[in-house]
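See structure below.
Every read-out reported here was derived from the displayed coordinates using simple, explicitly stated rules and does not represent laboratory data. Source: prediction; values computed, not measured. Neighbour counts are summed over all protein chains in view; Cβ atoms, including those assigned to glycine, are modelled from backbone coordinates with ideal geometry.
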C-alpha cells in the first residue's frame, strides 16, 4: 500500500510552485548563458555571476521540491518506509519497532510535529530532531485511515489511542 | 500599467517576506511590533514616493522617506533571497543529516542577523556608487571624415531628479562636465519621474543653463518623462537645451546628432532623410533604451543609450536578454559603437552596484579629410 505525503490541496499548490520555479530557473539559466556570451565589461561578469547563482539556486530548489513531491509512504508485509523517485530511502521492519511516539522535525520556518516509529526508545532531546537520528526512524505527518487496521495488526507495540486520534486521517 | 506592475511587484515581495516570517516572532510582542513597524514604514515609503513625494520640498522629510524605502527594499530583497538559500541549505543538511548546520539554519535569530549583515554589506558600496559620480571615458575611432579631427561628447542620463538625483548629485555632474569640457552634451532621457517636484525641475534648469560647450546641449526623451507630474520641456527649453524627438541636426563640424523618441518606432534613416541630414557624415544617435541596436549597424557610428542604470541591482542581470541588448559599457555592432551609460542617478532606491553613477565621455576621432 502506498500513499502520497501530500494532501490533494498541497499537491496542487506544490505543482504550481514547481511550474513557476522551473520556468524561472530555465529563464535565469538562459539569461546566464546570454550574459556570459555577451561580456563587454567587468559589471557584466559580476551580474552574470549573480545570474548563474540565481539560476542554480532556483533549479536546485525546484529539484528538492520535485523530490519532496515524489515521496511516497508505503507499508507491506515486511515493514514500512518512504520512497523518493521510486527508490526506498527509509525503511523499518515491523519486528524492529520498539517505540511509537510524537517528535518534531526542524524546518526553516519553525519545527513541525510528526508521528514516528523507531527501532529503539528515544530520549527526550532526540525527539526534537527526528531527521538527524542515525538509527532507523520512520516519521509520518499522518497515518492514512485505510492503513491503520493493518498497521495495528502487525506492530509489536500498539499505537496509543490519543496518538491515533490525532494522526489517523 | 507600469505603476500597477511595480506596486504589485514590491507589495508581492513584502507579502512573501511576511509569509516567510518565522512563527515564533509573531508570538512575541517585541519582535512582532518591530516587524509591523518595519513593513508599515517600508510600504508607506513606497506609496509616498509614487504618489506624494513630488508635492514635497527638498528637505529632511523627503530624504527620510527615500532612505526608508532604500533600506526597506534592500533588506526585504535580501531576506527573500536568503530564505531561498536557507531552504536549499536546509534540504542539503537534511540529506547529509548534519545536526549543527540544521540547528543554525533553524535559528530565526541567525537568519535575521545574516539578512541584516548581507544587506549592510551590500548597502555600503552601493550607496556610495549611487551618490558619488565619476567620469567614464571611451575613445572611439570613426572611419569617416568631417570638419574636425576629434569631437568629445558627454552623455548624461537618468537624473530621475527628486527620488533619484538630489541637488548634490546634479552639482557633482556639473563639476565633472566643467572639468571634462566636452564639445557637445547629450541628455539621454529620464530626467524626471513621478517623484520629481516643480522645484526639482527648476533646479535642473538652473544647472543645465550653467553648462557651456561649443555645439550645444541636446536631449532625447526617456520612458519616465510620461509619468512626470510637470512637463520637463519648458524647463529644458529655458535652459537652452535642444529637444530632439525623432529629429536630427547637423553640427557646424558636419557631425549628425539624431535624437529618437522612447518608443523607437521611426527608423534612423527615415529621421535623417526627413531632416535632410547627410548619410555619409559621422552620425551619433541618441536613444534612451538599448534595444534594436543591430538595426543601426552601418547607419550610425555611435549610439548613446541610458535607461539600464548599468546594473542598479546585480540580480537585474536576469532580465538582460528579455529587456535589452546591452546593459552597460561599450560594444561593437559591426562598425557601430554602442555605449550605454549607467546614468547620473538611479530609480526607486538609492543603491547602485556593481555599476556606479557616471558622466560618460565619448572621445570621437575622425579620419583626416582628403586634401
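From the helices alone, meaning DSSP H stretches of at least four residues, give me the mean residue ellipticity at 222 nm for chain A, per-run term -39500 (n - 2.57), in deg cm²/dmol to the nearest 500. Kindly include the intermediate steps, with their values, before the conclusion.
Working: 4 runs with 73 residues, N = 169.
Only helices count here, giving -14500 deg cm²/dmol.
How big is the antiparallel share of DSSP beta bridges in the protein assembly as shown, given as a percent to the nearest 5? Don't skip to the end; give the middle numbers.
Numbers: 41 of 72 bridges.
Within the protein assembly as shown, antiparallel bridges account for around 55 percent of the total.
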- Message: Run lengths n ≥ 4 of DSSP H only: what is the helix-derived mean residue ellipticity at 222 nm for chain B, with -39500 (n - 2.57) per run over all residues, to the nearest 500?
- Response: -14000 deg cm²/dmol
- On Cα atoms only, tilt of B:2-19 relative to the major axis of chain B in degrees: 20
- How many partner chain Cβ atoms sit within 10 Å of a residue's Cβ in peptide B:308-319, on average, as a whole number? 5
- Rough spin-label spacing in nm, given labels placed 7 Å along Cα→Cβ, for residue B:6 and residue A:26: 3.1
- Listing B:173, B:56 from the residue with the fewest other Cβ atoms within 10 Å to the one with the most, what is the order? B:56, B:173
- Cα extents of the protein assembly as shown along the three principal axes, largest first (Å): 105, 49, 35
- Task: Specify whether the C-alpha gyration tensor of the stretch B:62-158 places it in the rounded, prolate or oblate class, a ≥ b ≥ c being the square roots of the eigenvalues: rounded for a/c under 1.5, otherwise prolate if a/b is larger than b/c and oblate if not.
- Result: prolate
- Residues of the stretch B:187-225 with amide N under 11 Å of a point placed 7 Å along Cα→Cβ from residue B:135: none
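Of the beta bridges DSSP finds with both residues in chain B, what % are antiparallel, to the nearest 5? List each step's numbers first, then the result.
Numbers: 15 of 45 bridges.
Roughly 35 percent of the DSSP beta bridges within chain B come out antiparallel.
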- Message: Can you compute the FRET efficiency between residue B:233 and residue A:45 using 1/(1 + (r/R0)^6), with r the Cβ-Cβ distance and R0 = 41 Å? Round to the nearest 0.05.
- Response: 0.55
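When you look at the Cβ of every residue in B:88-96, what mean number of other chain Cβ atoms sits within 10 Å? If you can, show how the numbers build up before the last one.
Numbers: counts 8, 1, 6, 8, 2, 3, 6, 4, 1.
Taking the mean over all residues of the peptide, I get 4.
Summarise the partner chain shielding of A:53-65 as one whole number: the mean count of Cβ atoms from other chains within 10 Å of each residue's Cβ. Could the numbers behind the result be given before it?
Working: counts 4, 6, 1, 1, 5, 3, 0, 6, 5, 0, 2, 7, 2.
Average per residue, whole number: 3.
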- Message: Could you tell me the center-to-center distance, by alpha carbons, between the stretch A:65-81 and the stretch B:208-240 in angstrom?
- Response: 67
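How much length is gained on full extension from residue B:332 to residue B:266, taking 0.36 nm per residue of separation minus their Cα-Cα distance?
Working: separation 66, 0.36 × 66 = 23.76 nm, distance 2.23 nm.
Stretched out fully, the residue B:332 to residue B:266 stretch lengthens by 21.5 nm.
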- Message: Compute the helix-to-body angle for B:60-96: its Cα long axis versus the longest principal axis of chain B, expressed 0 to 90° and rounded to tens.
- Response: 60
- Note on the structure: Label model pair residue A:155, residue B:175: point-to-point distance (7 angstrom along the Cα→beta-carbon line) in nm is 7.7
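Can you tell me how much longer the chain between residue A:13 and residue A:165 gets when fully stretched, taken as 0.36 nm per residue apart minus their C-alpha distance, in nm with one decimal?
Values: separation 152, 0.36 × 152 = 54.72 nm, distance 2.69 nm.
Full extension of this stretch gives 52.0 nm more.
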- Please give the contour-minus-distance gain from residue A:83 to residue A:38: 0.36 nm per residue of separation, less the Cα-Cα distance, rounded to one decimal in nm. 11.8 nm
- Could you work out how far apart the two model spin labels at residue A:4 and residue B:44 are, taking each label as a point 7 Å from the Cα in the direction of the beta carbon, and quote it in nm? 4.4
- Message: Can you order the peptides B:342-351, B:195-204, A:71-80 by their average number of other Cβ atoms within 10 Å per residue, highest first?
- Response: B:342-351, B:195-204, A:71-80
